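The values are calculated or read from the model by the stated rules, or taken from the named source; none is laboratory data. A quick note: this is a predicted structure, and the numbers were derived from the prediction, not measured. Cβ placement follows ideal geometry from the backbone for every residue including glycine, while neighbour counts extend to all protein chains displayed. Ligands, DNA and RNA are excluded from the accessible area calculation, which covers all protein heavy atoms including side chains. Shrake-Rupley method; radii C 1.70, N 1.55, O 1.52, S 1.80 Å.
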Amino acid sequence: QVQLVESGGGSVQTGESLRLSCVASGIDFDANAMGWYRQAPGKQRELVAASGPEGTYNHRQSVVGRFQISRDNAKNTLFLQMTSLKPEDTAVYYCNRARGNGTAWPLNGYWGQGTQVTVSS
C-alpha cells in the first residue's frame, strides 16, 4: 500500500524559508521520479518540481532560483527547500510520482494529506 506523508509546512512572512519533507512507502522510491505538487484554493493542482531517480531535477519556472528539490533514496524521502517565499506560493503541498522531465505523472488515488504553506505579506 502506497503511503506518502508530507510535513514541514507552516505560516511565514514574505521572503522567509521552509523545508518540506515527504516520506514514501509502498513505492519503489529509488526507481521512480518523484515530484512536489501544490494546490491553491480554487485552483488546479500543479507540479512544482520533479526529481529523477538519480537526483536530476526540473522546477516550474515560477520557482526557479527559489525552490530546490532533492531526495534521499536511502530514506525514501523527498525534500523541497523553499526560499524567498511569496504570497502566491500559498497552497497545500503534496508529493507524488512524477516524470523526470518535469511533467506530472501522479499515482492517482494515493495522495497524502499534504502540508499547508501560508505566506503572508
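Distance between the C-alpha centers of segment 78-106 and segment 16-36? Whole Å please.
Centre-to-centre (Cα) distance: 10 Å.
If you take the Cα Rg of the chain and divide it by 2.2 N^0.38 Å, with N the number of residues, what do you get? Please list the in-between numbers first.
Details: Rg = 13.1 Å, N = 121, 2.2 N^0.38 = 13.6 Å.
Relative to the 2.2 N^0.38 Å estimate, the chain comes out at 0.96.
Most mobile of 41, 53, 87 per a Gaussian network model of the chain (Cα springs, under 10 Å)?
Answer for the Gaussian network model of the chain: 41.
Along segment 10-16, what does the Karplus equation 6.51 cos²θ - 1.76 cosθ + 1.60 (θ = phi - 60°) give for ³J(HN,Hα), rounded to whole Hz, x for Gly and Pro?
So the J values, rounded to whole Hz, are x, 10, 9, 8, 3, x, 7.
Provide the solvent-accessible area of residue 121, counting protein heavy atoms only and rolling a 1.4 Å probe, rounded to the nearest 10 Å².
120
Can you run phi through the Karplus equation (6.51, -1.76, 1.60; θ = phi - 60°) for segment 95-103 and list ³J(HN,Hα) in whole Hz, with x for Gly and Pro?
After applying 6.51 cos²θ - 1.76 cosθ + 1.60, I find 10, 5, 5, 8, 9, x, 7, x, 10 Hz.
What residues have an amide H closer than 5 Å to that of residue 49, excluding those fewer than 5 places away on the same chain, when H is modeled at 1.01 Å from N in the peptide plane?
36, 60
Please build a GNM for the chain, connecting alpha carbons under 10 Å apart, and tell me which residue among 37, 57, 110 fluctuates the most.
110
Can you compute the label reach from residue 103? Point 7 Å from Cα along the Cβ direction, backbone N cut-off under 16 Å, restricted to segment 24-62.
Residues 33-35, 47-52, 58-60 fall inside that zone.
Rounding to the nearest 20 debye, state how big the charge dipole of the chain is about its Cα centre with +1 on each Lys and Arg Cβ and -1 on each Asp and Glu Cβ.
For this selection, approximately 200 debye.
Considering only DSSP states other than H, G, I, E and B, which GluC sites (Glu not before Pro) in segment 13-88 qualify as loop sites with at most 10 other Cβ atoms within 10 Å?
Taking segment 13-88 and a limit of 10 other Cβ atoms within 10 Å, the loop GluC sites (Glu not before Pro) found are 54.
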